[in-house]
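S.K.: One structure is given below, represented as structure tokens, and several questions about it will come after.
The values are calculated or read from the model by the stated rules, or taken from the named source; none is laboratory data. Here the structure is a predicted model, which is why all the values come from computation and not from measurement. Using ideal geometry, Cβ is built from the backbone for each residue, glycine included, and neighbour counts are taken over all protein chains shown. Protein only, heavy atoms only, side chains kept; ligands, DNA and RNA dropped before computing areas. Shrake-Rupley method; radii C 1.70, N 1.55, O 1.52, S 1.80 Å.
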Amino acid sequence: MSHIATELASQPTTWRRAAELIARSPAALPRPGERVAVVGCGTSYFMARSFAVLRESAGQGETDAFAASEFPGHRDYDRVIAITRSGTTTEILDLLGRRPAGTRSTVITTSADQPAAQLATDCVILDFADEQSVVQTRFATTALAAWRAGLGENLTPVSVEAQILLDAPLNPALAGREQFTFLGTGWTVGVAHEAALKLREAAQAWTESYPAMEFRHGPISVVDHRSVVWIFGPTVPGLRADLEATGALVVDNDVDAMADLTTAQRLAVALAERRGLDPDRPRLLSRAVVLPAASA
């Protein structure tokens, strides 16, 4: 069995551990009313987008999300949250090293010994969610679980939903399709982008992702009987009928999007194996992107 298959199967357990960790040490997360920026790269950037929407929706304060390389350094924030599995990503280290004195920063990572943690004023260490696979699954969702727990959510229902999905067989019709589109609304837009990235990374699949309301503004034209369209979160009124008219296989599960993501992760592994690829070690990718000084 691949590392990624084992790691993604452990997510209900790591989510519960994250909730317990945050209950013991909530001070590392922003206080209500703080103006916050959440940053990441790749998968972590998509989680940052979900973080921002969840916090603002909870009435906790203004929260923006940025790819670390695109962070607007001229803006003032009370706290910067950096998500980084390795703790060594060049763009994250550069950003944290340039923050003005007095700005608080929280790093969500897997080891307190890595450079990112050393640059931060606060840390959330998810060492139990670290991974051997290059492709992230459980670290990303465990960071999201910790964030949701910090906002006061009860993670027991989503953990139970995820376990049920993980124990169920994959729909065999999914692996027979050629094109995959993932849609979301609100905080699940970040989840949709992450699902698409998993299939691209692990299986070199043709995937796209959009906010659900944007899909009909052009992208729907690419969808046909060879496609899967996967909806995370609430379905936009009228959208399902439009999708079914294309001949696409529509996936619209009535479950929490974080639980639903585990099935998309499993599909990425299944597609990779079907195509003779190693889902743990995708081409051209590494566990951390560490750039030469001139590139950074």
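S.K.: Taking Cα pairs under 8 Å and at least six residues apart, what relative contact order does the chain come out at, in percent?
M.R.: The normalised contact order for the chain reaches 21 percent.
S.K.: Next up: Based on the mean of other Cβ atoms within 10 Å per residue, sort peptides 32-42, 100-110 so the most packed one is first.
M.R.: The peptides rank, most packed first, as 32-42, 100-110.
S.K.: A follow-up question, please. Going by average Cβ neighbours within 10 Å, how do the peptides 163-176, 255-268 rank, with the highest at the top?
M.R.: For the peptides 163-176, 255-268, the packing ranking is 255-268, 163-176.
S.K.: For SER105, which sequence-distant residues (separation of 5 or more, or a different chain) have an amide H within less than 5 Å of its own amide H, given hydrogens modelled in the peptide plane?
M.R.: The answer is VAL80, THR121, ASP122.
S.K.: Inverting the mean 1/r over all pairs of different Cα atoms, compute the Kirkwood radius of the chain and quote it in Å.
M.R.: Every distinct Cα pair counted, the radius reaches 19.4 Å.
S.K.: On to the next question. Over the chain, what percent of the accessible surface lies on carbon and sulfur atoms, probe 1.4 Å?
M.R.: That share works out to 51 percent.
S.K.: What does the highest-first list of 270-276, 134-140 look like by mean Cβ count within 10 Å?
M.R.: The most tightly packed comes first, giving 134-140, 270-276.
S.K.: In 10 Å bins starting at 0, how do the alpha-carbon pair distances of the range 57-129 split up by percent?
M.R.: With a bin width of 10 Å, the distribution comes to 20, 53, 26, 2.
S.K.: Here's something else I'd like to know. With a 1.4 Å probe and all protein chains left in place, how much accessible area per residue does the range 16-142 have, in Å²?
M.R.: Heavy-atom SASA per residue in the range 16-142 reads 40 Å².
S.K.: With every protein chain kept in place and ligands, DNA and RNA left out, what is the accessible area per residue of the range 176-268? Probe 1.4 Å, answer in Å².
M.R.: That works out to 35 Å² for each residue.
S.K.: Next question. Can you give the local net charge around ASP76? Use residues other than it whose beta-carbon is closer than 13 angstrom to its beta-carbon, Lys and Arg +1, Asp and Glu -1.
M.R.: Overall, the nearby charge balance is +1.
S.K.: A follow-up question, please. For the range 7-138, take the convex hull of the Cα atoms, compute a quarter of its surface area, and give me that in nm², please.
M.R.: 7.6 nm²
S.K.: Kindly provide the helix-only [θ] at 222 nm of the chain, computed as the sum of -39,500 (n - 2.57) over DSSP H runs of four or more divided by all residues, to the nearest 500 deg cm²/dmol?
M.R.: -12000 deg cm²/dmol
S.K.: When the convex hull of the Cα atoms of the range 122-204 is projected onto a plane and the area is averaged over all directions, what value comes out in nm²?
M.R.: 7.2 nm²
S.K.: Which whole-angstrom value gives the distance between the alpha carbon centres of the range 213-241 and the range 57-103?
M.R.: 32 Å
S.K.: Compute the signed sum of charges (Lys and Arg +1, Asp and Glu -1) over the other residues within less than 12 Å, Cβ to Cβ, of GLN132.
M.R.: 0
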